[in-house]
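Novice: I am attaching a structure below and will ask some questions about it afterwards.
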Amino acid sequence: MDLALDLTDRAVRSASLYQALRDALGDGRLKAGDRLPASRALAKDLGISRNTVATVYERLVAEGFLESRVGAGTYVAETTRQRKDHAPGSLTPRPGWRWAPRPTSAEAAVPAYDLRVGIPDAELFPFDTWRRILAAESRLRGHNPGTYASPAGLPRLREALAHTVAYHRGVRADPGQIVVTSGTQQALDLVARVLLEPGDVVAVEDPGYPSALDLFASHGARVVPVPVDEEGLVVEEIPEQARLVYTTPSHQFPLGVRLSLPRRRALLAFANTHDAGIVEDDYDSEFRFTERPLEPLHALDDQGRVIYVGTFSKSLLPSLRTGYLVAPGSLVDSLLSAKQLTDGFGPVQPQAALARFLEEGLLARHVRRASKTYAERRSLLLETLSTWPVEVLPSAAGLHLSAYAELPADLPERAAAEGLALDTIAAHRLLPGRDGLFLGYGAVRTDSLPRGLELLADLAGWA
């Protein structure tokens, strides 16, 4: 590609080229190790003589900014330093924008004892199989790679998803009701764009999923926390003016309890009475360890009130960035237009690979194999929790367990200093309520889990 340099209105070509290159070196457009264009090519591109370019290159080599490699060309010297004094800019966010990027699990060093939630064990993922399938689906003439695909996602993947959610979760869906997304967060964003006006009330679980709360609020919604007890979301506490209810009924985040069948029916009745929508986030219920789960809200809904949201971030890997939603027919076109306006369409080859992964039963095989490992860790965790002064909350699925407990105020910080990463219930509350821990067993190694729990007991004063 051409090197972009502006010599407009500069009379002395050698001086202006020298300064333009110095600016590019200083502001980082040219970095250490970058190869510069050949003098003949740059001269032709800029409309100046080759001798001018050669002279400037020689000067910068002599000054140590560039280095000439015989037979290879001219490169930015490794010792070149970029300026750090870029202007901060005068543009500011719109009034009311109060959000900043949250730290992510990939930004910090991997802790020795990782009890954070929402992180699966990447070592269990069948990388060799995935690599083979992805290569097969990435041929030059496959899936019309030079065209723009449907915002709904690859038809083949939507068909595979419709079969998968029907077979494994009892969600009856036509492929035309499915929109493939870049994970749960994009699915929630599409729903918010289509359903919410500024000032609309969104009821969310408390404690609950902070990223969902922030997303709805960023669209101008008035987010109202609703308490959760041992039966899940307390439906009678939902404000009557709620336009949308966000819930995690199969494995409540973070407490882990299930929404009881009477509460499910009450929630659907509320939505029908008050013309509200329900987002059912089924984020990690593929991993089941006790009794058969209750039917999803979507399976009980006969009025088209429920938008079912799923993801492969827990069952496979977060880095695949693939999720989906199952929408009532009345919303499909609007959701597709929102997807097209904000994201166009997703990566086709990975979608094709995932479709084959589902078609060949490889997801079910992976979940069965991973469940054995997770079940072992879960049993170790439950055995230890039974010896601590905590109240373990019932949980039938997922990759974490929760327990109410009295905690030292600085426990997370002291734990982090010892290489132990964990999450507290209080950090996910808006309403007053009991504190405690929710402990993930997806990322922690089985052989290191006992030592990590010993360390936690010492820090909490339970040893």
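Novice: Would you mention how many residues in region 22-60 are in contact with a strand residue (DSSP E or B) (Cβ under 7 Å, 6 or more places away or on another chain) and not small (Gly, Ala, Ser)? So that I can check it myself, show each step before the final result.
Specialist: Step one: of region 22-60, the residues in contact with a strand residue (DSSP E or B) (Cβ under 7 Å, 6 or more places away or on another chain) are 25, 30-36, 38, 57, 60.
From what's left, not small (Gly, Ala, Ser): 25, 30-31, 34-36, 57, 60.
Selection size over region 22-60: 8.
Novice: Within region 347-389, count every residue that is among the small types (Gly, Ala, Ser), surrounded by fewer than 19 Cβ atoms within 10 Å (Cβ to Cβ) and assigned to a helix (DSSP H, G or I). Even if it seems obvious, please write down each step before you answer.
Specialist: Keep residues of region 347-389 that are among the small types (Gly, Ala, Ser), which gives 352-353, 355, 361, 364, 370-371, 375, 379, 386.
In the following step, the residues that additionally are surrounded by fewer than 19 Cβ atoms within 10 Å (Cβ to Cβ) were identified as 361, 364, 371, 375, 379, 386.
If we keep only those that are assigned to a helix (DSSP H, G or I) as well, we get 364, 371, 375, 379.
The qualifying residues number 4.
Novice: Out of the residues in region 411-422 that are open to solvent by 70 Å² or more (accessible area, probe 1.4 Å) and without any contact (Cβ under 8 Å) to a residue 24 or more places away in the chain, state the one that is nearest to Ala112 (Cα to Cα). Even if it seems obvious, please write down each step before you answer.
Specialist: So in region 411-422, the residues open to solvent by 70 Å² or more (accessible area, probe 1.4 Å) come out as 413-414, 417-418.
This time we only want the ones that are without any contact (Cβ under 8 Å) to a residue 24 or more places away in the chain, so: 413, 417.
Details: Glu413: 15, Ala417: 11 Å.
The extreme case among them is Ala417.
Novice: A follow-up question, please. Which helices (runs of 4 or more DSSP H) does region 5-77 wholly contain that include 3 or more residues that are in contact with a Lys or Arg (Cβ under 7 Å, 6 or more places away or on another chain), polar (S, T, N, Q) and open to solvent by less than 20 Å² (accessible area, probe 1.4 Å)?
Specialist: none
Novice: Please pick out the residue among Glu280, Glu286 that is under 17 Å from Arg305 (Cβ atoms) and buried (at least 19 other Cβ atoms within 10 Å of the Cβ).
Specialist: On the way: Glu286 fails: under 17 Å from Arg305 (Cβ atoms).
When all the criteria are applied, what remains is Glu280.
Novice: Sort out which residues of region 301-331 are open to solvent by 50 Å² or more (accessible area, probe 1.4 Å) and within 19 Å of Gly232 (Cβ to Cβ), and write them in order of number.
Specialist: Within region 301-331, Arg305 is the sole residue that qualifies.
Novice: Residues of region 150-168 being open to solvent by 30 Å² or more (accessible area, probe 1.4 Å) and polar (S, T, N, Q), which ones?
Specialist: Ser150, the sole residue that qualifies.
Novice: Give the number of residues within region 261-297 that are part of a loop (DSSP other than H, G, I, E, B) and at pLDDT 95 or above. Walk me through it before giving the result.
Specialist: Pass one, region 261-297, residues part of a loop (DSSP other than H, G, I, E, B): 275-276, 282-287, 289-296.
If we keep only those that are at pLDDT 95 or above as well, we get 275-276.
The total comes to 2.
Novice: Also, quick follow-up: Between a first residue in region 128-139 that is under 17 Å from Arg156 (Cβ atoms) and a second residue that is open to solvent by less than 50 Å² (accessible area, probe 1.4 Å), which pairs have beta carbons less than 6 Å apart while being 6 or more apart in sequence or on different chains?
Specialist: Taking only residues 6 or more apart or on different chains, the pairs are Ile133/Ala353; Leu134/Ala353; Glu137/Gln349; Glu137/Ala352; Glu137/Ala353; Ser138/Gln349.
Novice: If you don't mind, another one. Could you run through region 306-336 and say how many residues are of a type outside the set (Phe, Trp, Tyr) and within 13 Å of Pro120 (Cα to Cα)? Write out each step before concluding.
Specialist: Within region 306-336, the subset of a type outside the set (Phe, Trp, Tyr) is 306-307, 309-311, 313-323, 325-336.
Restricting the remaining residues to those that are within 13 Å of Pro120 (Cα to Cα) gives 311, 313-320.
Qualifying residue count for the region: 9.
Novice: Take region 426-440 and flag every residue that is touching a residue at least 40 places away in the same chain (Cβ under 8 Å) and of a type in the set (D, E, K, R).
Specialist: Of everything in region 426-440, just one residue is touching a residue at least 40 places away in the same chain (Cβ under 8 Å) and of a type in the set (D, E, K, R), namely Arg429.
Novice: Follow-up. Which residue, of Ala427, Ala416, Ala457, is closer than 22 Å to Ala212 by Cα and in a helix (DSSP H, G or I)?
Specialist: Values: Ala416 fails: closer than 22 Å to Ala212 by Cα; Ala457 fails: closer than 22 Å to Ala212 by Cα.
Exactly one residue qualifies, and that residue is Ala427.
Novice: Within the group Val180, Val191, Val171, Val202, which residue is farther than 15 Å from Val279 by Cα, buried (at least 21 other Cβ atoms within 10 Å of the Cβ), in contact with a strand residue (DSSP E or B) (Cβ under 9 Å, 6 or more places away or on another chain) and of a type in the set (Val, Ile, Thr)? Reasoning before the result, please.
Specialist: Working: Val191 fails: farther than 15 Å from Val279 by Cα; Val171 fails: farther than 15 Å from Val279 by Cα; Val202 fails: farther than 15 Å from Val279 by Cα.
Of Val180, Val191, Val171, Val202, the one residue that is farther than 15 Å from Val279 by Cα, buried (at least 21 other Cβ atoms within 10 Å of the Cβ), in contact with a strand residue (DSSP E or B) (Cβ under 9 Å, 6 or more places away or on another chain) and of a type in the set (Val, Ile, Thr) is Val180.
Novice: Could you list, in sequence order, all residues of region 99-149 that are β-branched (Val, Ile, Thr) and exposed (fewer than 10 other Cβ atoms within 10 Å of the Cβ)? Write out each step before concluding.
Specialist: Applying the first criterion (β-branched (Val, Ile, Thr)) to region 99-149 yields 104, 110, 117, 119, 129, 133, 147.
Selection gives Thr104, Thr147.
Novice: Could you identify the single residue in Asp281, Asp275, Asp301 that is over 23 Å from Ala217 (Cβ atoms) and either of a type in the set (D, E, K, R) or touching a strand residue (DSSP E or B) at 6+ places or on another chain (Cβ under 8 Å) (or both)?
Specialist: Details: Asp281 fails: over 23 Å from Ala217 (Cβ atoms); Asp275 fails: over 23 Å from Ala217 (Cβ atoms).
Residue meeting the stated conditions: Asp301.
Novice: Considering region 423-442 alone, what residues qualify as being surrounded by fewer than 22 Cβ atoms within 10 Å (Cβ to Cβ) and within 21 Å of Ser105 (Cα to Cα)?
Specialist: Asp423, Thr424, Ile425, Ala426, Ala427, His428, Arg429
Novice: Mind listing whichever residues of region 206-249 are open to solvent by 10 Å² or more (accessible area, probe 1.4 Å), under 20 Å from the mean Cα position of the chain (by Cα) and either closer than 21 Å to Thr424 by Cα or among the aromatic types (Phe, Trp, Tyr) (or both)?
Specialist: Tyr209, Pro210, Ser211, Leu213, Asp214 - these are the residues of region 206-249 that are open to solvent by 10 Å² or more (accessible area, probe 1.4 Å), under 20 Å from the mean Cα position of the chain (by Cα) and either closer than 21 Å to Thr424 by Cα or among the aromatic types (Phe, Trp, Tyr) (or both).
The values are calculated or read from the model by the stated rules, or taken from the named source; none is laboratory data. Since this is a predicted model, take the numbers as computed values, not measurements. Neighbour counts run over all protein chains shown; Cβ positions are idealised from the backbone, glycine included. Heads up: the accessible areas ignore ligands, DNA and RNA and are worked out on the full protein's heavy atoms, side chains in. Shrake-Rupley method; radii C 1.70, N 1.55, O 1.52, S 1.80 Å.
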